[in-house]
Amino acid sequence: MSPNRHIIESQQFTPESIIKLFELALRFERGEKLKPLEEKIVATLFYEPSTRTRLSFESAVLRLGGKVISTENAKEFSSASKGETIEDTIRVIGGYVDAIVLRHYEVGAARRASLVSPVPIINAGDGVGQHPTQALLDAYTIYKRFGRLNNLTIQFIGDLANGRTVRSLVYLLSKFPNNRFIFVSPKILRMRDDILEYLIKHQIDYIETEEIQTDDVDVNYITRIQKERFGDNLEVFESVFGKYVIDNELADKFPITSIIMHPLPRVNEISTDVDSNLRAVYFKQAKNGLYVRMAILDQVVAEESFLFAA
Ligand code: CP
């Protein structure tokens with residue numbers, strides 16, 4: 001196994017490798033039993049809270065025959081609390097395990113970790129940077145519903161400035177032709193310039209607005225306004241909290257063929273009455289994370305992998 005099989009950002013994948021990954025995820029979803037992680041140990045090292053990402057990765061490891069060691073609150077319960085750098089921590093843990101799933105509060109932490117790690121690093125979210133495995137499971141959810149990842153209009157709603165899942169998904173879907181993005185947010189939570197510059201450079205169609213669109217949209221991707229990213233600026237948080245709420249009345253105005261997604265956790269931005277709406281797929285989306293992460297882990301340890309450049 002190559003130690004260079006890191007998953008750091010969505011831009012690293014090719015469209016062909018993404019579709020192959022989905023074919024593999026589908027095999028796991030259909031119940032195929034493979035044990036590529038037998039004799040392997042994976043560490044899940046989380047410096048920020050998580051429900052879905054950590055537990056779906058851990059479930060994926062166990063289902064693939066591997067073992068897990070975990071620090072669910074590494075900021076407090078690892079030697080980071082004594083001042084150890086992420087580089088030193090990774091060098092040490094890299095000697096104990098075969099891969100590390102890392103969530104950290106600093107943008108770029110996964111890349112820094114990958115530069116010193118003797119084993120693959122999987123970025124499970126780096127601050128407001130990226131969350132590439134979430135983007136893969138989001139795209140898998142879209143692919144299963146529409147049978148394609150091109151010619152789609154995707155509306156992102158909410159905290160686009162701090163939403164790492166949104167950032168990773170935009171980069172991922174930009175790899176497929178004729179997609180169009182609608183970015184809906186309060187002005188202070190606009191999509192960041194690096195993404196907009198990327199879209200302009202690659203001549204990808206997008207608009208920015210403060211109003212939710214209900215026509216001509218395939219995917220509605222709602223995000224939480226992330227209180228934890230506002231620090232002491234609670235007044236600013238409160239000025240935007242609750243600005244966008246999808247209730248069933250609004251959900252029914254979206255095209256019947258469209259879907260409503262959310263990376264979860266939600267707070268108040270999707271009412272629970274939407275959960276039974278035909279368009280709502282966010283709990284299926286979360287479940288898809290298990291199969292996609294099984295496929296990712298399979299490729300991280302495979303002798304020959306289609307997911308990583310040779
Ligand atoms: N979507 C997501 O990353 O959820 P968790 O924070 O619960 O892992």
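The values are calculated or read from the model by the stated rules, or taken from the named source; none is laboratory data. Predicted model, so just to flag it, every value in this text is computed and none were measured. We place every Cβ from the backbone using ideal geometry, glycine too, and count neighbours over all the protein chains shown. What goes into the accessible areas is simple: the full protein's heavy atoms, side chains included, and nothing from ligands, DNA or RNA. Shrake-Rupley method; radii C 1.70, N 1.55, O 1.52, S 1.80 Å.
Filter the stretch 48-74 for residues that are among the small types (Gly, Ala, Ser), away from the ligand (no atom under 11 Å from the Cβ), open to solvent by less than 20 Å² (accessible area, probe 1.4 Å) and touching a residue at least 40 places away in the same chain (Cβ under 8 Å) and give the result. 60, 66 - these are the residues of the stretch 48-74 that are among the small types (Gly, Ala, Ser), away from the ligand (no atom under 11 Å from the Cβ), open to solvent by less than 20 Å² (accessible area, probe 1.4 Å) and touching a residue at least 40 places away in the same chain (Cβ under 8 Å). Testing residue 215 on (1) within 23 Å of the chain's Cα centre (by Cα); (2) modelled with pLDDT of 95 or more; (3) open to solvent by 10 Å² or more (accessible area, probe 1.4 Å), one condition comes back false. Which one is that? So the condition that residue 215 fails would be (1). Among the residues of the stretch 281-307, those that are under 19 Å from residue 245 (Cβ atoms) and either open to solvent by 30 Å² or more (accessible area, probe 1.4 Å) or among the aliphatic types (A, V, I, L, M) (or both) comprise 281, 283. Out of all the residues in the stretch 244-264, which are open to solvent by 20 Å² or more (accessible area, probe 1.4 Å) and of a type in the set (Ser, Thr, Tyr)? Residues satisfying the conditions are 244, 257. Residues that are open to solvent by 50 Å² or more (accessible area, probe 1.4 Å) and either within 15 Å of residue 134 (Cα to Cα) or of a type outside the set (Asp, Glu) (or both) within the stretch 33-47 comprise 33, 34, 35, 40, 41, listed in sequence order.
Restricting the stretch 105-133 to residues that are of a type outside the set (A, V, I, L, M, F, W, C) and open to solvent by less than 10 Å² (accessible area, probe 1.4 Å) leaves a set whose member that is farthest from the chain's Cα centre (by Cα) is 120. When the stretch 75-102 is filtered for residues that are more than 19 Å from residue 115 (Cβ to Cβ) and within 16 Å of the ligand (Cβ to nearest atom), only 75 remains.
Here's a check for you: in the stretch 186-237, which residue that is among the basic types (Lys, Arg) and part of a loop (DSSP other than H, G, I, E, B) is nearest to residue 9 (Cα to Cα)? Across the stretch 186-237, the extreme among qualifying residues is 192.
Suppose the filter is surrounded by fewer than 21 Cβ atoms within 10 Å (Cβ to Cβ) and at pLDDT 95 or above; does residue 90 pass it? So residue 90 does not fit the description; no.
Find the residue count for the stretch 238-274, including only residues that are part of a helix (DSSP H, G or I) and more than 23 Å from the chain's Cα centre (by Cα). First the steps, then the outcome.
Applying the first criterion (part of a helix (DSSP H, G or I)) to the stretch 238-274 yields 238-240, 248-251, 272-274.
Then drop every residue that is not more than 23 Å from the chain's Cα centre (by Cα), which leaves 238-240, 248-251, 273.
Summing the residues that are part of a helix (DSSP H, G or I) and more than 23 Å from the chain's Cα centre (by Cα) in the stretch 238-274 gives 8.
Out of the residues in the stretch 122-166 meeting the condition of being touching a His at 6+ places or on another chain (Cβ under 8 Å) and part of a helix (DSSP H, G or I), tell me which one is nearest to the ligand (Cβ to nearest atom). Steps first, answer last, please.
So in the stretch 122-166, the residues touching a His at 6+ places or on another chain (Cβ under 8 Å) come out as 122-127, 164-165.
From the residues that got through so far, the ones that are part of a helix (DSSP H, G or I) too are 164-165.
Working: 164: 8, 165: 6 Å.
By that ranking, first place goes to 165.
For the stretch 16-111, which helices (runs of 4 or more DSSP H) that fit wholly inside it have 1 or more residues that are under 21 Å from residue 285 (Cβ atoms)?
Output list reads 52-63.
Determine if the stretch 4-18 includes at least one residue that is within 16 Å of the ligand (Cβ to nearest atom), within 21 Å of the chain's Cα centre (by Cα), among the small types (Gly, Ala, Ser) and open to solvent by less than 20 Å² (accessible area, probe 1.4 Å). Scanning the stretch 4-18 turns up at least one residue that is within 16 Å of the ligand (Cβ to nearest atom), within 21 Å of the chain's Cα centre (by Cα), among the small types (Gly, Ala, Ser) and open to solvent by less than 20 Å² (accessible area, probe 1.4 Å). Against the condition open to solvent by less than 60 Å² (accessible area, probe 1.4 Å) and aromatic (Phe, Trp, Tyr), how does residue 241 come out, does it pass? So residue 241 fails the test. Checked against the criterion of being at pLDDT below 95 and surrounded by fewer than 18 Cβ atoms within 10 Å (Cβ to Cβ), the stretch 268-280 has at least one qualifying residue.
Condition check: modelled with pLDDT of 95 or more, closer than 25 Å to residue 92 by Cβ and open to solvent by less than 40 Å² (accessible area, probe 1.4 Å). Does residue 22 satisfy that? When the stated conditions are applied, residue 22 does not pass them.
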